Amino acid sequence: MDVDIHQVINDDQKIADIHEAAELFEPRVEYAFSYLQVFSAICVIFAHGAGEVGYMAGPLATIWDVYLKGQLSSTVRPPIWVVLIAALGLVIGLATYGYNVCRAMGVKLAKLTPTRGFAAELATAFVIMIGSQYGLPTSSSQCITGAIVGVGILEGAKGVNWTLFVKQFFSWVATLFVTGFES
């Protein structure tokens, strides 16, 4: 897929202003953090898989368990093939739509550089892993959004695309009402 996620900086003055206002760090530091960011990205992927694949595998595992046993169990251990299907779905989703997420989160919401991305990813991975460890429901998208906004705020109020953040926030709130209504 050949998509320039940074083109939006040239197309949208508001986003260009966010990127212009951001502090520039020493290029050697950014270069060093580009390698460290690989580590933080791996941490996020691990944490994301621990949380999100379970959410994706749960309904299919429950359906499979009811099919096999003819009744609903209080706990279901998903078979490995269910986990693999969920993981494959996650990979396909990221491969086909991931660039839109990267553009929205890494370019439109705030300016991300290797140093900023490292901080946001490490914070995200930490929160998700702690939440998973204690069985707390966590959302990878909400965690990374909060971390990116936190990094953007360090640039001042102009470091964050507040319009985009408010849209995301209200979509989360709407999700609660829609899923509650459907239940």
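Taken together, the values in this text are just the output of simple stated rules run on the coordinates, not laboratory data. None of these values were measured; they are calculated from a predicted model. Methodologically, a virtual Cβ is constructed for each residue, glycine included, from the backbone with ideal geometry; neighbour enumeration extends over all protein chains shown.
Here are a few things to note about the model shown:
- Between residue 2 and residue 67, full extension at 0.36 nm per residue minus the direct alpha carbon distance yields a gain of 19.1 nm.
- Taking the square roots of five times each eigenvalue of the Cα gyration tensor of region 134-183, the equivalent ellipsoid has semi-axes of 25, 15, 5 Å, listed largest first.
- Unit charges on C-beta of K, R, D, E only; dipole of region 1-110, Debye: 680
- Structure-derived Kirkwood radius over Cα pairs in Å - corresponding label in [x] 16.8; [y] 18.3; [z] 17.9: [y]
- Relative contact order of region 55-170: 22 percent, from C-alpha pairs under 8 Å at least 6 residues apart in sequence.
- Once the Cα-Cα distance is subtracted from the 0.36 nm per residue extended length, the residue 95 to residue 166 segment shows a gain of 22.9 nm.
- Here residue 14 is the anchor, and the aspartates and glutamates within straight C-alpha reach of less than 17 Å, apart from those fewer than 8 places off in the same chain, are 23, 155.
- Since only 163, 131, 176 are under comparison, the one whose Cα sits farthest along the positive direction of the charge dipole of region 106-183, derived from C-beta charges on Lys, Arg, Asp and Glu, is 163.
- Taking the fewest neighbouring Cβ atoms within 10 Å as the starting point, the ordered list for 20, 155, 52, 182 is 182, 20, 155, 52.
- The label point for residue 74 and the one for residue 42, both projected 7 Å from the Cα toward the Cβ, are 4.0 nm apart.
- Modelled spin labels at residue 28 and residue 130, positioned 7 Å past Cα toward Cβ, are 3.5 nm from each other.
- Region 132-183 versus region 36-73: alpha-carbon centroid distance in Å: 21
- Note on 115, 75, 163: ascending count of other Cβ atoms within 10 Å places them as 75, 163, 115, the fewest first.
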